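Scroll down for the structure; my scribbles are underneath it.
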Amino acid sequence: MTSDGEIICPNCKYKLLLETKGNDYFCPRCNKIYPHRNGIISFVDENEEKVGYKNSYFFELREVEDKHFWFKARKKLILYCVKKYCQRIINSKHKMLEIGCGNGSVLQYLKENGIDCQGGDLFIEGLKIYREMAEVPLYQVDALNLPFREYFDIIGLFDVIEHIDEDRKVLKEAYKALKSNGKILITVPTYKKLWGRYDKLSFHKRRYSKTELIIKLRNAGFAIEKISYFVSLIFPVLLLFRYFHNIKGKNQSDEEFLKKEIQIMPLLNRVFLWILEIEIKLINLLHFPFGSSLLAIARKGKSESRIL
């Protein structure tokens with residue numbers, strides 16, 4: 001194995017030779033062809049059933065992610081954590097992959113702030129949207145069956161594993177895809193009392209507790225370096241909003257309910273973003289005991305670091 005790792009055939013698990021057949025990858029063992037079209041390499045069977053976002057969501061989310069305080073604050077938090085907890089990695093030649101990159105909102109933000117990051121997603125629709133914006137390596141991949149082995153220095157899973165039944169397997173696949181001492185950054189929704197119609201319509205399988213995420217990361221082989229709740233200072237407001245929205249939205253259609261969920265007054269949106277920017281500055285010093293999101297940074301390795 002080289003220092004750059006391997007790309008294996010997801011179908012037969014055989015090392016995928018780098019020779020191409022036209023613009024496509026080709027496995028000499030099982031004769032499986034992985035097409036390379038418009039800058040996107042597909043390691044997913046076209047006939048495989050995909051459960052999750054509707055195709056139209058990727059277009060609708062793009063505009064929301066550029067404006068809504070939660071998405072904007074999360075991108076700022078991710079950038080902060082990459083620069084702080086992965087500084088030695090990004091100071092050298094590195095490869096970072098965001099699994100579940102969707103339409104590339106986080107990818108683009110990292111790129112604009114000097115962090116090179118590649119993207120992978122199960123749904124080709126989101127990848128096609130981002131391909132029109134930037135030239136970065138993009139992969140159509142199944143998080144449960146990644147083709148990479150010791151290939152990346154950093155992997156990001158930002159509000160992804162809550163959509164997948166076998167979240168433990170996703171973490172194990174990410175572990176295999178990371179180089180020695182590589183790092184994984186994860187964000188997930190938390191606090192099960194927030195569970196409601198929005199989660200069901202967003203194809204969530206669960207909300208996490210801190211203990212649950214710690215156990216699943218450790219069982220996958222990771223040593224946790226940092227774990228903290230996020231969206232904490234406005235958490236009581238979110239609890240009240242979710243409670244009243246669930247009551248008021250009982251007679252609304254699914255589309256109307258989702259639209260109301262992400263609508264917010266411009267002034268309140270700016271105030272909430274300002275508060276969460278303060279949280280980002282404090283998160284290095286404090287361990288928030290509650291919040292609607294959970295952040296974890298962990299390293300591929302056996303020794304456990306002190307959890308902050």
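The numbers here are math on the coordinates, done by the rules we state, and not lab data. Keep in mind that what you see is a predicted model, and the values were worked out from it rather than measured. Using ideal geometry, Cβ is built from the backbone for each residue, glycine included, and neighbour counts are taken over all protein chains shown.
Before moving on, here are some points about what is shown:
- Footprinting exposure proxy ranking of Phe244, Phe152, fewest other C-beta atoms within 10 angstrom first, gives Phe244, Phe152.
- ³J(HN,Hα) computed for each position of region 64-71 - Karplus, 6.51 cos²θ - 1.76 cosθ + 1.60, integer Hz, glycine/proline x: 5, 5, 7, 10, 5, 4, 5, 5
- A Förster distance of 35 Å, applied to the separation of the beta-carbon atoms of Trp274 and Glu166, puts the FRET efficiency at 0.35.
- For the chain, Cys with no neighbouring Cys Cβ under 4.7 Å: Cys81, Cys86, Cys101, Cys117
- Going from the fewest other Cβ atoms within 10 Å to the most, the residues Cys30, Cys9, Cys101 appear in the order Cys30, Cys9, Cys101.
- Applied to region 142-147, the Karplus parametrisation 6.51 cos²θ - 1.76 cosθ + 1.60 on θ = phi - 60° returns per-residue 3J(HN,Hα) values of 9, 4, 8, 8, 6, x Hz, with x for Gly and Pro.
- Ranked Thr187, Thr211, criterion: other C-beta atoms within 10 Å, fewest first: Thr211, Thr187
- Each part reduced to its alpha carbon centroid, region 64-98 and region 104-170 end up 13 Å apart.
- Under a 5 Å amide H cut-off, with hydrogens placed 1.01 Å from N, Phe230 pairs with Ser292, Ser293, Leu294, Leu295 among residues at least 5 apart or on other chains.
- Remark: region 169-174, residue by residue, has Karplus-estimated 3J(HN,Hα) of 5, 4, 5, 5, 5, 5 Hz, where x stands for each Gly or Pro and the curve is 6.51 cos²θ - 1.76 cosθ + 1.60 at θ = phi - 60°.
- Dividing the alpha-carbon radius of gyration of the chain by the rule-of-thumb value 2.2 N^0.38 Å gives 1.00.
- DSSP bridge orientation in the chain - percent antiparallel, rounded to nearest 5: 55
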